[in-house]
Amino acid sequence: MSTFISELPKVELHLHIEGTLEPEMVFALARRNGITLDYQDESALKAAYQFADLQSFLDVYYQGMQVLLTEQDFFDLTWAYLVRAYADRVRHVEIFFDPQAHTGRGVPLAAVVSGIHRALEQARQQWGLTSRLIMSFLRHLSEAEAFETLHHAEPFRQQLSGIGLDSAEKGNPPTKFSQVYAAAREQGYRLVAHAGEEGPAGYIRDALDILQVERIDHGVAAITDPPLMARLAQERIPLTVCPLSNLKLNVIKSMAEHPMLQLLHAGLCVTVNSDDPAYFGGYMNANFEALQQGLGASNEELLQLALNGVEACWLSPEEKAVLTREIRDYGEQAGIALQH
């Protein structure tokens, strides 16, 4: 890996905390909680990480998280991710979690939120690593169940910054969740949604127009719709793109055909993220490296992608200015002076 990438300050905006559950931790938590797994050992579990599509991944993903039961489990999971993120020079993270995947198993929402939040707060105090927490609805479940989750989250409103929408995209359009998104907006949540990963570009448009999100998670299908691309560029609507995820889930056949640089040069606010790194083969630095090696991304392009992450995040303008300056200074030390 290039020194430029390893030392580049970064922001991560598309990270499912349950997707950082490494095989070693799966087995450690299974032992701690007295759970018998379907896999004999870590290598057998890793061998299952051959995914044909999003659904085949989700089947393994939901099975893996059965080991998460207590507040300490969620703290340990989140802390392990934060240690890796800090090592990758990540300065700010905005983390998704899937409450319904846990409450549906009888795990109290308080255990989930408290464990994650405690780790985020420790990282802020220890390293100055800032964060936001985003509660995602599972789109294969009903809107009524999403409303129920929104209601149960009320005691934790201070810990939650936004609402997201994830899980199986095919057959679950944004329109399915129009009312619960309107309710979340009235409660003051910031709104994002997965769209245009396996679903069509039209789902991106619906997420913007019907759900009124301010940021699109994935969004790579925009490359098939020039008018939509023009709108995304003009309105500077961020796309939180996940290169290794797209490769692992066969959204693209090889990194050489990833649309990231096309989107970047069309003026879109595209950002680099790791999605579910324990399953997809790499955290933040590995995703930047995949763009460098697979697409031939230059240091200038990687620097701009890092700056886009700051633009797209939910820090205050003052905090953004500090982080932008840090990234630009780093680029100038490397001989890169961007025009804007």
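The values are calculated or read from the model by the stated rules, or taken from the named source; none is laboratory data. Computed from a predicted model, the values in this text were never measured in an experiment. Cβ sites come from the backbone with ideal geometry, for glycine too, and all protein chains shown count toward neighbours.
Determine whether region 38-48 contains at least one residue that is buried (at least 18 other Cβ atoms within 10 Å of the Cβ), at pLDDT 95 or above and in contact with a Pro (Cβ under 6 Å, 6 or more places away or on another chain). No, every residue in region 38-48 fails to be buried (at least 18 other Cβ atoms within 10 Å of the Cβ), at pLDDT 95 or above and in contact with a Pro (Cβ under 6 Å, 6 or more places away or on another chain).
Contact annotation: residue pairs with Cβ atoms under 7 Å, 6 or more positions apart or on different chains, pairing a residue in region 232-254 that is farther than 16 Å from Tyr283 by Cβ with a partner that is modelled with pLDDT under 95 and part of a helix (DSSP H, G or I), are Leu249/Leu54; Leu249/Phe57. Among residues of region 156-168 that are touching a residue at least 60 places away in the same chain (Cβ under 8 Å) and within 13 Å of His218 (Cβ to Cβ), those with a beta-carbon under 6 Å from a residue that is buried (at least 17 other Cβ atoms within 10 Å of the Cβ) and of a type in the set (Gly, Ala, Ser) at least six positions away or on a different chain give the pairs Gly164/Ser136; Asp166/Ser136.
Does Ala146 count as within 26 Å of Pro317 (Cα to Cα) and either assigned to a helix (DSSP H, G or I) or modelled with pLDDT under 95 (or both)? When the stated conditions are applied, Ala146 does not pass them. Residues that are in a loop (DSSP other than H, G, I, E, B), free of Cβ contacts under 8 Å to residues at least 40 places away in the same chain and either closer than 17 Å to Asp88 by Cβ or in contact with a strand residue (DSSP E or B) (Cβ under 7 Å, 6 or more places away or on another chain) (or both) within region 288-340 comprise just one, Ala297. Only one entry of Phe51, Phe57 meets the criterion of being at pLDDT below 95, assigned to a loop (DSSP other than H, G, I, E, B) and touching a helix residue (DSSP H, G or I) at 6+ places or on another chain (Cβ under 7 Å), and that entry is Phe51. Taking Gly331, is it farther than 21 Å from Ser161 by Cα and surrounded by fewer than 19 Cβ atoms within 10 Å (Cβ to Cβ)? Answer is no for this residue.
Filtering region 241-290 to residues that are of a type in the set (S, T, N, Q) and within 13 Å of Val220 (Cβ to Cβ) leaves Ser245, Asn246, Asn250, Gln262, Thr271, Asn273. Would you point out the residue of region 65-119, among those that are within 18 Å of the chain's Cα centre (by Cα) and of a type in the set (D, E, K, R), that is farthest from Glu12 (Cα to Cα)? Ranking the qualifying residues of region 65-119, first place goes to Asp98. For region 299-325, residues that are surrounded by 14 or more Cβ atoms within 10 Å (Cβ to Cβ), more than 20 Å from the chain's Cα centre (by Cα) and either more than 23 Å from Arg124 (Cα to Cα) or among the charged types (D, E, K, R) (or both) total 4.
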